[in-house]
Amino acid sequence: MRKYFLLLVVLNTILLGCSKDQISTPDTSNQVFTNFDNAILSKMNLYNAPSISIAIIKNEKLVYLKSYGKSDIEANTTASNDDLYRIASVSKPVTVIAILKLVQDGLVSLDQKVFGSGAILGNDFGAVPQGSKKDLITVRHLLDHKSGWTNAPDDPMFRSNNITQTQLITDLLANRNLSANPGSTYYYSNFGYCILGRVIEKITGLTYEEYVKNKILTPCNIYNMKIGGSTLAERSVNEVKYYQSEFSPYIMNIARFDSHGGWIASSKDLARLMVKIDRNTIRPDIISANLLNQFYFGYTNWVHFGSIPGTSSILQRIDNNLSYVMLTNTRTNYDASIILNDLDNTIKSEISSITKWPTTDLFD
């Protein structure tokens, strides 16, 4: 099994002022989830996580939806299931689905070239340097993180906030050599998914956000997902507040992240998307199984992690019957994988111990 995940090499959090008594008490009215609730609360205490939102899907039903803690400590706001979180690199599966929708609609092919004469983006970002092999990069290479670009000397998506996407792509196309031939070597790349956002815009004539909302989210009955703001003042209605002492969550250019890490969503939003790409039949998928099977969506089990300062997110397909979403408004300092791996393992372990599931569908 191959796991796609993001561990961004930017710095991370300790939480201000979140004491144990600020974390909500589990709702024991549903005894099936008492142990589950207690396990989540324990991890919240361990990592000083202000809030966590979790959605669990069983046989394409939303069988559990719960938010714990405080979405804003200073305002003493209790976390709600309507809360929106930055989902960081869990934005990437959204972009993959958008590209596959274009393929399904006959508007692009996976093996179509991206740069150079006759390619999708042509010379929009300048001419391809002769002999650079950048004109060999295809849509599939970008989706598979096999463009040949690496993050040496830096991840360009985290450069100064005033540098535009156009400037970044123009610079790397002209000046950063490929480290491997396109299609030959996997290297996780935010930049590659930034390019995919521009591919979507070129083909559709819409902004990336507009296309995804119109063609992916609205057909899935998802209406509140959007590209987030960067500063605290730009926080959306119902968006949580992010906490991290190691690196401020509010000095990144979230809008520039759009197609690789810019979406904000609720756990229920992402659960709605999950059941429309899971290759099960109760709720018809928006993408054909043939296309889904060409990527990790075709695996029995797959997971995508997301992490930027102040945010940790998980979208996990456990098997053909079970999936879950986890969103929280903090992450562990220095090593973003710590909280993600621990929460993922904890949630999977607790879910595996449940033998009797609710029959109510919280999607309804």
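From most to least packed by mean Cβ count within 10 Å, the peptides 51-59, 112-120, 85-93 give 85-93, 51-59, 112-120. If both residues of a DSSP beta bridge must be in the chain, then about 90% of such bridges are antiparallel. Computed extension length for Y334-L362: 6.4 nm, one decimal, from 0.36 nm per residue of separation with the Cα-Cα distance subtracted.
With R₀ fixed at 25 Å, the C-beta to C-beta distance from Y299 to S353 puts the FRET efficiency at about 0.60. Secondary-structure-derived ellipticity at 222 nm for the chain, considering helices only, amounts to -8000 deg cm²/dmol, per-run term -39500 (n - 2.57) for DSSP H runs with n ≥ 4.
For the stretch 219-327, rounded, prolate or oblate, judged on the Cα gyration tensor with a ≥ b ≥ c (square roots of eigenvalues), a/c < 1.5 rounded, else prolate if a/b > b/c? Prolate shape, in that a/c is at least 1.5 and a/b is the bigger ratio.
Relative to the current alpha-carbon distance between N76 and N35, full extension at 0.36 nm per residue lengthens the span by 12.2 nm. Placing unit charges on each Cβ (+1 for Lys and Arg, -1 for Asp and Glu) gives the chain a dipole about its Cα centre, and among M252, F295, M326 the Cα reaching farthest toward its positive end belongs to F295.
Applying the criteria of a DSSP loop state and at most 16 other Cβ atoms within 10 Å to the GluC sites (Glu not before Pro) of the stretch 192-295 yields E246.
Here's the list of lysines a cross-link from K241 could span, going by alpha-carbon distance under 25 Å and ignoring same-chain residues fewer than 8 apart: K20, K43, K66, K70, K92, K213, K226, K268.
Taking the average, over residues, of other Cβ atoms within 10 Å as the packing measure, peptides 345-355, 136-146 rank 136-146, 345-355 from highest down.
Here semi-axes √(5λ) of the Cα gyration tensor in Å was computed from the coordinates, and among (1) 48, 23, 17; (2) 34, 24, 17; (3) 31, 26, 21 the match is (2).
Which of the chymotrypsin sites (Phe, Trp or Tyr not before Pro) across the stretch 164-253 are loop residues per DSSP, with 15 or fewer other Cβ within 10 Å? In loop regions of the stretch 164-253 (DSSP not H, G, I, E or B), the sparsely surrounded chymotrypsin sites (Phe, Trp or Tyr not before Pro) are Y186, Y187, Y223.
Taken together, the values in this text are just the output of simple stated rules run on the coordinates, not laboratory data. This one's a predicted model, so the numbers in the text were calculated from it and none came from an experiment. Cβ sites come from the backbone with ideal geometry, for glycine too, and all protein chains shown count toward neighbours.
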